[in-house]
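> Here's a structure for you.
Bear in mind these aren't lab numbers, they're just calculated from the coordinates by the rules spelled out. Since the structure is predicted, the reported quantities are computational estimates derived from the model, not experimental observations. Don't worry about glycine lacking a Cβ; one is built from the backbone with ideal geometry, like all the others, and counts go over all protein chains shown.
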Amino acid sequence: MDLSSQFSSHLAPFSPGFQRLLGLPYERAEQVRNVCPDLSHEVLVARRHARVRPALDPVDGTANFVHGIPLVAVSLGLLQAGKQVLGVVDLPILDERYAAVEAGGAVNRAGRIGVRQTRGLSEAIVSIGDYAVGPESAEKNRARYALTIGLAEQVQRVRMLGSAAIDLVWVAEGKLDACVMLANKPWDTAAGVAIAREAGALVVDLDGSPHTASSYATIAMAPGIADAVLALVQEATQAKQ
């Protein structure tokens, strides 16, 4: 799949090196630095052309990678005025790739993908973001613990995958029915949000507004359970504020 030519209108302001990233096999995360060294790990590189900027994480799921867990992704998104308009997520160990462009749908290696038509929380598998760690983690995790308990009482299963990009593309593909992250780091989420949205997921902030680069939280859901998931998340977070 020649993603560079398909997305050429979005990529025009950027260097050939950046454009070539979309065609890489991503067998090793180091290739990102070799092809376009000005895009460093977990950094948004601001390009002022038409308010468009790339968002890159060469190794999303770093702890997984260090411990030999294969849930690792290379995540490359494009933001226009804060909105996620393009995304490519590569899972090099699992040999899978996902991509989407605004108004163009979402695909993986096999073709078009879409969210599951889940109708109730009891049928849903929901992933959650990592717990905070370190000296101040207890306070930061109060809402996360409440969320975990609330989900466990109502959904089929709760998962913690350790990669925001995988959380989002697996909602897009229908492996998950929702993912909830009480955080938003655009280098982790931009590509996955674009893909999930184009696959039919509702992707919102904590208050239910459409997700952007400046959102507080990242919540992606199959439409059939969106109201129930969002209500549960809001209840958990408000109770622990």
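> Label-point separation (nm) for residue 238 and residue 51, each offset 7 Å from Cα along Cα-to-Cβ?
It works out to 3.2 nm between the two label points.
> Could you list the GluC sites (Glu not before Pro) in region 80-152 that lie in coil according to DSSP, counting only those with at most 15 other Cβ atoms within 10 Å of their Cβ?
Within region 80-152, the qualifying GluC sites (Glu not before Pro) (loop, at most 15 other Cβ atoms within 10 Å) are 136.
> Amide H to amide H, which residues 5 or more places from residue 106 or on other chains are under 5 Å from it, using H placed in the peptide plane?
Amide H neighbours of residue 106, under 5 Å, 5+ apart: 113.
> How big is Rg to Rh over region 111-222, alpha-carbon atoms, Rh as the Kirkwood inverse-mean-distance radius?
Working: Rg = 13.3 Å, Rh = 14.0 Å.
Result: Rg/Rh = 0.96.
> I need the calculated FRET efficiency for the pair residue 112 and residue 136, taking r as the beta carbon distance and R₀ as 30 Å, to the nearest 0.05.
Computed FRET efficiency for residue 112 and residue 136: 0.10.
> Packing-wise, with mean Cβ within 10 Å as the measure, how do 86-93, 148-155 rank, highest first?
Result, highest mean Cβ count within 10 Å first: 86-93, 148-155.
> Now, a different point. For region 61-72, in order, what is each residue's ³J(HN,Hα) by Karplus, 6.51 cos²θ - 1.76 cosθ + 1.60 with θ = phi - 60°, in whole Hz (x at glycine and Pro)?
Values per residue, Gly and Pro as x: x, 4, 4, 4, 4, 4, 9, x, 8, x, 8, 9 Hz.
> Another question, if that's okay. What are the ³J(HN,Hα) couplings of region 174-186, residue after residue, when phi is run through the Karplus curve with 6.51, -1.76, 1.60 and θ = phi - 60°? Round to Hz, x for glycine and proline.
After applying 6.51 cos²θ - 1.76 cosθ + 1.60, I find x, 6, 10, 9, 6, 9, 10, 10, 7, 6, 7, 10, x Hz.
> At a 10 angstrom cut-off on C-beta neighbours, averaged per residue, how do the peptides 221-234, 194-207, 106-119, 158-171 rank from highest to lowest?
Highest mean packing first, the order is 158-171, 194-207, 221-234, 106-119.
> Now for a different question. How many angstrom separate the Cα center of region 108-176 from the Cα center of region 196-241?
11
> For 237, 218, 62, what ranking results if the residue with the fewest other Cβ atoms within 10 Å of its Cβ goes first?
Result, fewest neighbours first: 62, 237, 218.
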